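Accompanying notes for the structure given below.
Throughout, read-outs are computed from the coordinates displayed, never taken from laboratory work. Small disclaimer: the values here were computed from a predicted structure and weren't measured. All Cβ positions, even for glycine, are placed from backbone atoms using ideal geometry, and neighbour counts span all protein chains on display.
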Amino acid sequence: MPDADMPARTPDLLRPRGSNQVGMRQFNERTVLQALRVHGSLPKADLARLTGLSAQTIGLITARLEEDGLIVKQSRVRGRIGQPSVPLALNPDGAFAIGIKVGRRGAEWLLIDFAAQVRERHAISYDFPDADELLPAIAQHIHRLRDGLGPLAARNVGAGLAAPFQLGGWHRTLGLSKAQSDLWNQMDLAAEVRARTDVPVSFARDTVAACVAELVGGRGHDLKSFLYIFVDTFVGGGLVINSHLHTGAHGNAGALASLPMQPPGSRGALPPQLVAQASLWELEQRLAGEGLDAMAAYDDRALQPPYAATTQAWLESASQALAHAIVSGTAMLDLPDVVVDGSMSRPLLQALLDQTRAALDGCNWEGLWQPRLHGGKAGAQACALGGAMLPLHANFAPDHDVFLKAA
């Protein structure tokens, strides 16, 4: 992995270096597919330039990929000099993957095509998941999405499951019994899902999966290193360094929910955590306390009467808490950018970004460089979308690290 202490620089164009050796055919094919995924349609000459492979090798590879149905030729493009070029692009019907988000407030299933476009979506909501109901539902939706592809069902390469490491965490906050909490915390959710389906299943922490979606299909195209924050029922995050997802020793890097908001009390009292101040759960509780529908936290009603005043009070608290988290992250990592997204309406996200920027401007930055703040592009479906990208990466990306995009 590249040295995280190297100075940040503007991301270069993708240059995944290939090999002309016969034994590296699969790697070279993946390299070409990754170039098309990042840059869009390209003629063979540009593919050769970007990958470092010879024109002859590119010709052989693209012929194989076209025969396998993974790429398609597009209409000829006439240039000012020379013969018209024929751009090549990923074939959307070349492969499919299923993404599953299991959250504390609902579950979501997405079917995406080879171009990472959502073809179908299903979602359910609940107060808290019941394992006896949810586990069969997960398998049923996987099979329904796969079988719905008809003759293309064989091109489904797997499912990616995105869920909190400890779904029963913070059970007192959620009003759950210890037995309910222990059931989920002791469960190997991925193993339970694998036992119910013949579809290969990958797993990632929910906000890590959301970070993957942003890295591959969002701000990651322009930003090389960034702290990622996802405001869901509970807030969480991820970490991207030099265009790689950095997961940490226990897969928990960017687990911002647990960040303490102040030093321990003088009598050993535990300080509040970010989860208590910058989560949509907190907005839910504020709305419910006013006799309003708590689920308005997740849709356009949040900024409309009679919800707006309560939402504004939450925004003031949440933006200050996020600013504290960003300053803390900057002191540790010195990242140039921060991306914030969440399971909320786009207007509410924009309001949160605006107030967080104002809060950041009021922080003490002595000894630090203030990072740039960006809104995420993946939106509320980021976790499920990132989950679906996991099997696509496993089958078609050129490297063993997660989503290498620059070399």
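Apply the a/c threshold of 1.5 to the C-alpha gyration tensor of segment 39-191 and tell me whether it is rounded, prolate or oblate. Spell out each step's value before the answer.
Values: a/c = 3.50, a/b = 2.79, b/c = 1.25.
Verdict is prolate for segment 39-191.
Select from C363, I241, G342 the residue farthest towards the positive end of the dipole of segment 219-376; place +1 on Cβ of Lys and Arg, -1 on Cβ of Asp and Glu, and compute about the Cα centre.
I241
Stretched out fully, how many nm does the piece from E192 to R78 gain, at 0.36 nm a residue minus the Cα gap? Don't skip to the end; give the middle numbers.
Numbers: separation 114, 0.36 × 114 = 41.04 nm, distance 5.40 nm.
That pair, E192 and R78, stretches by 35.6 nm at full extension.
Ignoring everything except DSSP H segments at least 4 long, calculate the 222 nm mean residue ellipticity for the chain; use -39,500 (n - 2.57) per segment, divide by total residues, nearest 500. Mind showing how you got there, number by number?
Numbers: 12 runs with 150 residues, N = 407.
So the calculated ellipticity at 222 nm is -11500 deg cm²/dmol.
Could you list, in their original order, any pairs among K178/K377; K101/K224; K73/K101; K73/K224 whose Cα atoms are separated by more than 29 Å?
Details: K178/K377 37 Å; K101/K224 26 Å; K73/K101 34 Å; K73/K224 31 Å.
Pairs exceeding 29 Å: K178/K377; K73/K101; K73/K224.
If you average the sequence gap of Cα pairs under 8 Å that are 6 or more apart and divide by the length of segment 219-376, what percent do you get for the contact order? Please report the intermediate quantities before stating the final value.
Numbers: 266 pairs, mean separation 38.0, N = 158.
Taking the mean separation of contacting Cα pairs over the length of segment 219-376, I get 24 percent.
Applying the Karplus parametrisation 6.51 cos²θ - 1.76 cosθ + 1.60 with θ = phi - 60° to the phi angles of segment 44-50, what ³J(HN,Hα) value in whole Hz is obtained for each residue in order, glycine and proline being reported as x?
Ordered by residue, 3J(HN,Hα) equals 4, 4, 5, 4, 5, 5, 6 Hz.
Evaluate the relative contact order of segment 288-350 (contact order divided by residue number), counting alpha-carbon pairs under 8 angstrom at least 6 apart; express in whole percent.
Working: 27 pairs, mean separation 25.2, N = 63.
Dividing the mean separation by the residue count of segment 288-350 yields 40 percent.
Once you put a point 7 Å from the Cα of Q285 and another 7 Å from the Cα of E316, both along the Cβ direction, what distance in nm separates them?
Simple spin-label model gives 1.9 nm for this pair.
Positive end of the dipole of the chain, charges at C-beta (+1 Lys, Arg; -1 Asp, Glu), about the Cα centre: which of L333, N185, A278 has its Cα farthest in that direction?
L333
Relative contact order (percent) for the chain, with alpha-carbon contacts under 8 angstrom and 6 or more residues of separation?
Details: 775 pairs, mean separation 75.7, N = 407.
Contact order relative to length: 19 percent.
Name the residue from F165, V38, S319 whose Cα lies farthest towards the positive end of the charge dipole of the chain, charges +1 on Cβ of Lys and Arg and -1 on Cβ of Asp and Glu.
Of F165, V38, S319, it is V38.
Mind listing the phi-derived Karplus ³J(HN,Hα) values for segment 283-294, rounded to whole Hz, using 6.51, -1.76 and 1.60 with θ = phi - 60°, and x for any glycine or proline?
5, 3, 5, 5, 5, 4, x, 8, x, 9, 5, 5
Between R357 and A89, what FRET efficiency follows from the Cβ-Cβ distance if R0 is 22 Å, with the result rounded to 0.05?
Values: r = 38 Å, r/R0 = 1.71.
Step by step, r from the Cβ atoms, then E = 0.05.
Give the shape of segment 276-334 as rounded, prolate or oblate, defined through the alpha-carbon gyration tensor: a ≥ b ≥ c are the square roots of its eigenvalues, a/c under 1.5 means rounded, and otherwise the shape is prolate if a/b is larger than b/c and oblate if not.
On the way: a/c = 3.02, a/b = 2.75, b/c = 1.10.
It comes out prolate by the Cα gyration axes.
Just the Cα atoms of segment 235-335: what Rg and Dmax do they give in Å?
16.1, 47
Rounded to the nearest 20 Debye, what is the dipole magnitude of segment 219-376 about its Cα centre when Lys and Arg each give +1 and Asp and Glu each give -1 at the C-beta? Could the numbers behind the result be given before it?
Working: 8 positive and 15 negative charges, 56 e Å.
Rounded to the nearest 20 debye, it is 280 debye.
Residues with amide H under 5 Å of A159's amide H, sequence separation 5 or more or different chain, H placed in the peptide plane at 1.01 Å from N; which?
So A159 has HN proximity to I98, V201, S202.
Could you work out how far the C-alpha centroid of segment 84-131 sits from that of segment 176-214, in angstrom?
One Cα centre to the other: 17 Å.
Taking GluC sites (Glu not before Pro) that fall in a DSSP loop and have at most 16 other Cβ atoms within 10 Å as cut points, what is the longest piece of the chain between them? Each step should come with its number before you reach the end.
Values: sites that count: E290, E366.
Between the exposed loop sites, the longest stretch runs 1-289.
So what is the orientation-averaged projected area of the chain, using the convex hull of its C-alpha atoms, in nm²?
Numbers: hull surface 94.1 nm².
Across all orientations, the chain yields a mean hull projection of 23.5 nm².
Between the helical axis of 382-396 and the dominant principal axis of the chain, each derived from Cα atoms, what acute angle in degrees is found, rounded to the nearest 10?
Tilt relative to the chain: about 30 degrees.
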